[in-house]
Amino acid sequence: MKLLPLFLRRPVEAVYERRLAATLVGLPRPQHVGIMVDGNRRWARKAGHTDVREGYRAGGAKVTTFLGWCTAAGIEHVTLFMLSDDNLGRPAEELGPLIEVIEETVRDITAEGRDWEVRAIGSLDMLPAASARVFKEATAATAGRGGLKVDVAVGYGGRREIVDAVRSAFEEHIAAGGDPAELAARFGIDDISRHLYSPVSDHTDFIIRTSGEQRLSGFLLWQSAYAEMHWVDCYWPAFRHVDFLRALRSYANRERRFGK
């Protein structure tokens, strides 16, 4: 099938987008969305860039746009998977620019005039000290701001988060004069949930991953127990509003059972 010329394609897509948005009115939508912003390097190579940093920059710019879409859709909480603890093993010449772009993105989404409450989650102590400071300052600066809650997962690993939560629960109990054996005897789900990087007061409803990959890669392992999954073939910088609306439509058409 022959594609429409670009000057015709855009108006047709705009009409389709408006109609799609209209079909979502009154339908269920997720309150906490996790987004795996995958495919930045592949997007850069496909676009002909010899420097993959162009993919990182394009991906960082898309984050701000995406959060605007989420705000308009009435979503309350977004978790962005921007850097895993496994990614920290990448070569320095690749990791450094990636962290710089994440820092720039965090500065942008925490700027004055943004109605977003941003929190960095992950093993920040594994990051360069200057970068960790940027993320901690962003968290402090937007605390209590209200509006969309945004968790930026950086240096994040789901298994590491669970280990850290267990350790934190025991450290808290011992510091209060408790017996570790007593806590071990009654240790339960809530003891972990309360000590996660981002406590699960807002259960993750929906996880989206771009780039065509269909795996969690350690993202929100504890929180995703009953989350719905949605896989998108395009790379993150190419993720469009219509792709987001289609994801919301997919979520709305599902019957959530929660194991029942």
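Quick check: anything in the range 69-87 part of a loop (DSSP other than H, G, I, E, B), at pLDDT 95 or above and farther than 19 Å from F206 by Cα? For the range 69-87, residues part of a loop (DSSP other than H, G, I, E, B), at pLDDT 95 or above and farther than 19 Å from F206 by Cα: present. Look at (1) open to solvent by less than 70 Å² (accessible area, probe 1.4 Å); (2) modelled with pLDDT of 95 or more; (3) of a type in the set (F, W, Y) and you find that W231 fails only one, number (1).
Residue by residue, here is whether (1) in a helix (DSSP H, G or I); (2) modelled with pLDDT under 95; (3) of a type in the set (A, V, I, L, M); (4) within 26 Å of the chain's Cα centre (by Cα) holds:
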residue	(1), (2), (3), (4)
K2	no, yes, no, no
R10	yes, yes, no, no
Y16	yes, yes, no, no
D38	no, no, no, yes
R42	yes, no, no, yes
G48	no, no, no, no
D51	no, yes, no, yes
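The set of residues from the range 234-260 being closer than 27 Å to I189 by Cα and either modelled with pLDDT of 95 or more or assigned to a helix (DSSP H, G or I) (or both) comprises just one member, Y251.
Every residue, every condition in (1) free of Cβ contacts under 8 Å to residues at least 12 places away in the same chain; (2) among the polar types (S, T, N, Q); (3) under 18 Å from A247 (Cβ atoms), yes or no:
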residue	(1), (2), (3)
G39	no, no, yes
R53	no, no, no
A58	no, no, no
T79	no, yes, yes
R90	yes, no, no
P97	no, no, no
V106	no, no, no
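Okay, residues lined up against (1) closer than 20 Å to A252 by Cα; (2) in contact with a Leu (Cβ under 9 Å, 6 or more places away or on another chain):
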{"position": "T204", "(1), (2)": "yes, yes"}
{"position": "S211", "(1), (2)": "no, no"}
{"position": "L216", "(1), (2)": "no, no"}
{"position": "F219", "(1), (2)": "no, no"}
{"position": "W222", "(1), (2)": "no, yes"}
{"position": "A227", "(1), (2)": "yes, yes"}
{"position": "Y235", "(1), (2)": "no, no"}
{"position": "A238", "(1), (2)": "no, no"}
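Considered as a group, the residues in the range 113-131 that are under 22 Å from L95 (Cβ atoms) and surrounded by fewer than 19 Cβ atoms within 10 Å (Cβ to Cβ) include one that is nearest to the chain's Cα centre (by Cα), and that residue is S123.
L221 meets the conditions (1) open to solvent by 50 Å² or more (accessible area, probe 1.4 Å); (2) in contact with a helix residue (DSSP H, G or I) (Cβ under 7 Å, 6 or more places away or on another chain); (3) free of Cβ contacts under 8 Å to residues at least 60 places away in the same chain in every case but one. The failed one is (3).
Scan the range 108-138 for residues that are without any contact (Cβ under 8 Å) to a residue 40 or more places away in the chain and over 22 Å from T65 (Cβ atoms) and the total you get is 11. Criterion applied to T110, T105, T64, T79 was being under 21 Å from A252 (Cα atoms), open to solvent by less than 60 Å² (accessible area, probe 1.4 Å) and in contact with a Ser or Thr (Cβ under 8 Å, 6 or more places away or on another chain), and the one residue passing it is T79.
The values are calculated or read from the model by the stated rules, or taken from the named source; none is laboratory data. Only a predicted model underlies this, so the values are computations on that prediction, with no experimental measurement involved. Don't worry about glycine lacking a Cβ; one is built from the backbone with ideal geometry, like all the others, and counts go over all protein chains shown. SASA here: full protein model, heavy atoms, side chains in, ligands and nucleic acids out. Shrake-Rupley method; radii C 1.70, N 1.55, O 1.52, S 1.80 Å.
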